[in-house]
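Working notes for the structure below.
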Amino acid sequence: MSTERPSWETYFMDITALVAKRTTCLRRGVGAVIVKDKRILATGYNGAPSGIRHCAETGCLREKLNVPSGMRHELCRGIHAEQNAIIQAAYHGVSIKGADLFCTNQPCSICAKMIVNAGIVRIFYRSGYADELALEMLSEAHIEMIQTAGSDDGEGPMPTNEGLRQPDLPIPGRDDPASLPRGARCCEEPVAAEREKG
């Protein structure tokens, strides 16, 4: 047994990997932990809202529509890990003003806006994410971004979603145009090549 204790940053980053294992997303497991004064205030992982069928049951809308990572966040049944952590804190009446966010991935632009308004002051993340707008907004809001590794050389025991079967469902917008969210268009715009997986 090792006698070397992990730093606080490594400790909380390792916890994000454990939280991410609860994901119900078929594409990527993401975990988030909100911390203040070395105490965990809230956690969150990505997946469908409470009481809603998981993507393992319904299939991944983003996969079916060929939506690249980092784009068209509204075309998804799931909530991001950062959003879930912020929502959990609000639901339980826990102030996160002045807190740090530890996350397996750099937040997207939607999460970045929520992070700014929630009063989070620093973000520790393990892997990047294809969303330059998020980085611009977080920088403008003077939120410190720190890329850090967990205890397992930077990648740790990140969850994979291999083996989860996607049901054969009609592709929204193509097989049933009325099934798309209001205002959404399917397959009409050219999509950018998939960016680096974070």
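Name the shape class, rounded, prolate or oblate, that the alpha-carbon gyration tensor gives for the range 7-147, where a ≥ b ≥ c are the square roots of its eigenvalues, rounded holds for a/c under 1.5, and otherwise prolate holds if a/b is larger than b/c and oblate otherwise. Because a/c hits 1.5 or more and a/b exceeds b/c, the range 7-147 counts as prolate. With each label modelled as a point 7 angstrom along the Cα→C-beta vector, the residue 97-residue 7 pair spans 3.0 nm. Full extension of the chain between residue 151 and residue 132 gives 4.1 nm of extra length, using 0.36 nm per residue less the Cα-Cα distance. Judged by the ratio a/c of the largest to the smallest principal axis of the C-alpha gyration tensor, the range 73-143 counts as oblate, that ratio being 1.5 or greater while a/b is no larger than b/c. Cross-link partners of residue 21 among lysines, defined as those whose alpha carbon lies under 19 angstrom from its own and excluding same-chain residues fewer than eight positions apart: 197. Heavy-atom accessible area, probed at 1.4 angstrom with all protein chains present, ranks 125, 91, 11, 45 as 91, 11, 45, 125, highest first. For residue 42, nonlocal amide neighbours, meaning residues 5 or more places apart or on other chains whose placed amide H falls under 5 Å from its own, are 34.
The values are calculated or read from the model by the stated rules, or taken from the named source; none is laboratory data. Keep in mind that what you see is a predicted model, and the values were worked out from it rather than measured. A quick note on method: Cβ atoms are made from the backbone with ideal geometry, for glycine too, and the neighbour counts reach across all protein chains shown. We work out accessible area using only protein heavy atoms, side chains counted, and drop any ligands, DNA or RNA first. Shrake-Rupley method; radii C 1.70, N 1.55, O 1.52, S 1.80 Å.
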